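Chemist: For reference, the structure I am asking about is given below.
The values are calculated or read from the model by the stated rules, or taken from the named source; none is laboratory data. None of the values given here were measured: they were computed from a predicted structure. Cβ atoms come from the backbone with ideal geometry, glycine included; neighbour counts cover every protein chain shown.
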Amino acid sequence: MKPNQSALGPLMNEGLPPEDRDLFSNARPVLYEPYPVEVVEKFVNWVRANSLWLLAFGTGCGAVEINPLMTARYDAYRMGVQTRPTPRQASVFLIGGYASVKTLKRIIRSYEQMQGPKFVVCLGICPINGGMYWDSYNTVNQFDLYLPVDLYITGCMPRPEVLMAGVLELKKKIMEGRADGANRYVENFDWYKANQKRVIKNWNMPDYNW
Amino acid sequence: MATPTALLDELGKRYTLSEIHIQRDDLLFLKVTKPQAVRFLKDLRDDAGYTHLTFMTNIDYIEDGRFTLTYMLHNYDTHHEIGVHVDLDRDNAEMDSIHNLWAQGRTYQCELREMYGIRFPGSPGLDDDFCLEGWDQIPPMRKEFDIVAFSEERFGNRPGRGSTDPREHMGTVMYPEHRDGTEH
Amino acid sequence: MFEPAAPVDLSSGKYLKLWQGPQHPGITGNMSLELTTCGDEVVACKTHVGYLHRGFEKLMERRTFIQNFTIVCRIAVPEPTFNEYLYAAVVEELSGIKAPERAEWIRTFNLELMRLGSYLMWLGGVGAAFGQSTIYQWTVTHRDYILDLFEEMTGARVYHMYIVPGGVRGRLPEGFEDRARKVLDGVERLLMDVEKILFNNVVFKTRTKGLGVITKDMVDPYGITGPNQRAAGFARDVRRDSPYLMYDEVEWDVITGTASDTYERAWVRLQEMHQGIRIMRQVLDRMPTGGPFQTPLPNVLHWEVPKGETYIKAECTRGEYGYYLVTDGSQYVRRVHVRGPSYTHAIALMEKMAVGTNIADIAGLMVSLHTYPPEIER
């Protein structure tokens, strides 16, 4: 049963200094409602799956294999993938491996600035269970506690071929309407926020940035 | 250019040098006292040609209750390196700043303040965040900081993930029949 | 050495605080520059690092010596083998192990190949920073052929974990030398093309000449090493000055420049790529094809390295890369410190050089210093 979002009240933005709170919105994110006609929704999903724009934010070591992926040899452009430098234009957030706490803060901010439909793909083993850095004091061990993940591409480091297979898999999921990470984020917003604030100790940004 | 031994003889007249240890032909380590250290580094830089600060770091000897700062200096003419050790009191670690001698000294000192809690009075930007942000524990590189417990408590482990000590695991699970043979 | 920046009154409306990074295409890796600008002129710059901090030095203190060898390559992502070699070298020196000669030759080849691959990626970055994405497409593709060689040699494209204490993990595969030569020929042709299209390009020349000059008296106080230093006219190279591996057996030249601006640094690196190819060809000619490639290690599960400390350095793509290891006779490291050349290039030097340039040049300046954030914060 989905909680009624409007009944939960506005966000408090308690991390901000009081004089700054008016500068930011206190609205909660809203759920995506599919088109009432099924065939329209299917068509829209097909369109979404075929223009995946990656946010070019190399958050970890996995970013090093994005270069070959996007250049002449593997050329992901032919699958409708291209990189965008700003979150406002991107629809796929590629988490390049481990997320340190400092980066996680920026990841959350970038993710919330992305406009829907948006999907999160995690590269490497580190976002799944910590990988090599499971005992590190500065990297998170389970990325899906902080943001909803639509697809994991495992390996250290995942090869460009695997990345391409991952892109194809993501397309399949989108076309079938199963890539619903953004909705899960909305539905469990308070749970995600509590997790995020548990590791990010200096939360000095609005609760939902958009 | 003076050879390292001649240099040490000359410097030994003015400074209290101890624990001189020649690791290689082009690398030696020595220890100076804390009040003399910055003057010693300056002399090495200005008079002896050790102009390049390779790095600066700290070693934690928790059992002796001391920190040992290490400054590594390089001489580009003789291609010789000197590691200068300085002992600090572990509980109240404070050291004179070298940000006026080398530009990157400020960064190293900022890092050591964050990672070990060593104070360098006068070093600009000393209390800025370097690697960590919003850190609320004891400085993480200190030996008493238990990263496994902290990581488990703060980040949690995914259920199902196991970790074994290879020595135990190989001896008891994988090759129990060789257990005696592999011990030494 | 430290020059405090002039105080800037942000509320006057004359200045603007602008963050370049971490989520920004014009930044090398995951770091950020906090720029204070007046118009489009940069009046102050502060580097923020730590976005990739994993606490390697702490992680290594609680892993055994053989476990460490698998994680050290992850310290500098595009250049893992320098970490592998240096870690192996410090452990070998303290435990009195000597790698066989064949392993030394293979290591030399491995390191030079990595240098070439890393330079190619950097060259693509230069092209991209100055609006020539063609160069980026070419060089990254050719780097991929180099990664193919690595894959053949080590089994992995990026993190090889190939150089172990005591030697290397395997011999070179059958026919590897011929395929390596073919790749090197290809890269050499590519470099000539790049020279024509990038280094003689009027846009590139106009934008880079005179940008970001490192004067001679800045080199030592700022701890500048590597090509950044050689472009300022110092013929200092760890491979020549304190030879390690087989660098004193092969013939090559130390490349120096004079103008010490962004163009000159790029030029020096281009010539060093040619020198690297020259070294690799000689190594391929002279590498022994038989003999052991590994010295037996003690039982690695109970490996105790004697008490001691040492520092070993190598010339990596960006400058002096070093490992400082302190052991106390136990099965664990007492302290390990990784000295990455970007540490001073990206922070102290960048903060000084950015002042007075304009916003559009920051990306190019950053690339010309060739910094990798992961080795700064480890």
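Chemist: In this structure, does C:TYR372 turn out to be modelled with pLDDT of 90 or more, within 13 Å of another protein chain (Cβ to nearest Cβ) and within 26 Å of B:GLU111 (Cβ to Cβ)?
Modeler: No, not satisfied.
Chemist: Among the candidates B:THR172, B:THR164, single out the residue that is β-branched (Val, Ile, Thr), surrounded by fewer than 16 Cβ atoms within 10 Å (Cβ to Cβ) and within 30 Å of C:GLU375 (Cα to Cα).
Modeler: B:THR164
Chemist: Checking B:LEU112 against (1) out of contact with any Leu (no Cβ under 6 Å at 6 or more places or on another chain); (2) more than 9 Å from every other protein chain (Cβ to nearest Cβ); (3) surrounded by 21 or more Cβ atoms within 10 Å (Cβ to Cβ); (4) not in a helix (DSSP H, G or I), which single condition isn't satisfied?
Modeler: Just one mismatch for B:LEU112, condition (4).
Chemist: Which of the residues belonging to region A:108-124 are on the phi < 0 side of the Ramachandran plot, touching a strand residue (DSSP E or B) at 6+ places or on another chain (Cβ under 9 Å) and more than 9 Å from chain C (Cβ to nearest Cβ)?
Modeler: A:TYR111, A:MET114, A:LYS118, A:PHE119, A:VAL120, A:VAL121, A:CYS122, A:LEU123 - these are the residues of region A:108-124 that are on the phi < 0 side of the Ramachandran plot, touching a strand residue (DSSP E or B) at 6+ places or on another chain (Cβ under 9 Å) and more than 9 Å from chain C (Cβ to nearest Cβ).
Chemist: So, of the residues in region C:212-249 that are of a type in the set (Ser, Thr, Tyr) and within 12 Å of chain B (Cβ to nearest Cβ), which turns out to be farthest from C:GLY167 (Cα to Cα)?
Modeler: C:TYR222
Chemist: Just to check your reading of the model, which residue among B:PHE130, B:PHE150 is at the interface with another protein chain (Cβ under 7 Å from one of its Cβ atoms) and not in a loop (DSSP other than H, G, I, E, B)?
Modeler: B:PHE150
Chemist: Go through region C:51-66 and give me each residue that's touching a residue at least 60 places away in the same chain (Cβ under 8 Å) and closer than 18 Å to B:SER151 by Cα.
Modeler: C:TYR51, C:LEU52, C:HIS53, C:ARG54, C:GLY55, C:PHE56, C:GLU57, C:MET60, C:GLU61, C:ARG62, C:ARG63
Chemist: Out of the residues in region B:21-38 that are without any contact (Cβ under 8 Å) to a residue 24 or more places away in the chain and more than 13 Å from every other protein chain (Cβ to nearest Cβ), which is farthest from B:THR54 (Cα to Cα)?
Modeler: B:PRO35
Yes or no, residue by residue, for (1) in contact with a Cys (Cβ under 8 Å, 6 or more places away or on another chain); (2) closer than 18 Å to A:VAL199 by Cα:
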residue	(1), (2)
B:TRP102	no, no
B:GLU111	yes, no
B:GLY122	no, no
B:ASP136	no, yes
B:PRO139	no, yes
B:GLU144	no, no
B:ALA149	no, yes
B:GLY160	no, no
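Chemist: Now for a different question. Collect the residues in region C:133-159 that are closer than 20 Å to A:LEU69 by Cβ and in a loop (DSSP other than H, G, I, E, B), keeping them in residue-number order.
Modeler: Once the filter is applied, which keeps residues that are closer than 20 Å to A:LEU69 by Cβ and in a loop (DSSP other than H, G, I, E, B), region C:133-159 yields C:ALA156, C:ARG157, C:VAL158, C:TYR159.
Chemist: For region B:56-74, how many residues meet the condition of being among the hydrophobic types (A, V, I, L, M, F, W, C) and either away from chain C (no Cβ under 11 Å) or without any contact (Cβ under 8 Å) to a residue 40 or more places away in the chain (or both)?
Modeler: 4
Chemist: Looking at this structure, is C:THR141 over 23 Å from A:MET157 (Cα atoms) and either among the hydroxyl-bearing types (Ser, Thr, Tyr) or without any contact (Cβ under 8 Å) to a residue 40 or more places away in the chain (or both)?
Modeler: No; evaluated as a whole, the condition is false for this residue.
Chemist: Scan the strands (runs of 3 or more DSSP E) fully inside region A:88-168 and keep the ones with 1 or more residues being among the hydroxyl-bearing types (Ser, Thr, Tyr).
Modeler: It comes to A:151-153.
Chemist: Could I ask something else about it? Could you please let me know if A:ALA182 is surrounded by fewer than 18 Cβ atoms within 10 Å (Cβ to Cβ), among the small types (Gly, Ala, Ser) and assigned to a helix (DSSP H, G or I)?
Modeler: no
Chemist: Moving to a separate point now. Does A:VAL64 count as in a helix (DSSP H, G or I), under 30 Å from C:HIS142 (Cα atoms) and β-branched (Val, Ile, Thr)?
Modeler: So A:VAL64 passes the test.
Chemist: Regarding A:TYR192, is this residue hydroxyl-bearing (Ser, Thr, Tyr) and free of Cβ contacts under 8 Å to residues at least 60 places away in the same chain?
Modeler: yes
Chemist: Hey, C:ARG54 hits all of (1) surrounded by 21 or more Cβ atoms within 10 Å (Cβ to Cβ); (2) outside any loop (DSSP other than H, G, I, E, B); (3) within 13 Å of chain B (Cβ to nearest Cβ) but one; which does it fall short on?
Modeler: Among (1) surrounded by 21 or more Cβ atoms within 10 Å (Cβ to Cβ); (2) outside any loop (DSSP other than H, G, I, E, B); (3) within 13 Å of chain B (Cβ to nearest Cβ), C:ARG54 violates only (2).
Chemist: To continue, here is another question. Within region C:308-326, how many residues are within 11 Å of another protein chain (Cβ to nearest Cβ) and either touching a Pro at 6+ places or on another chain (Cβ under 6 Å) or not hydrophobic (A, V, I, L, M, F, W, C) (or both)?
Modeler: Final tally of qualifying residues: 11.
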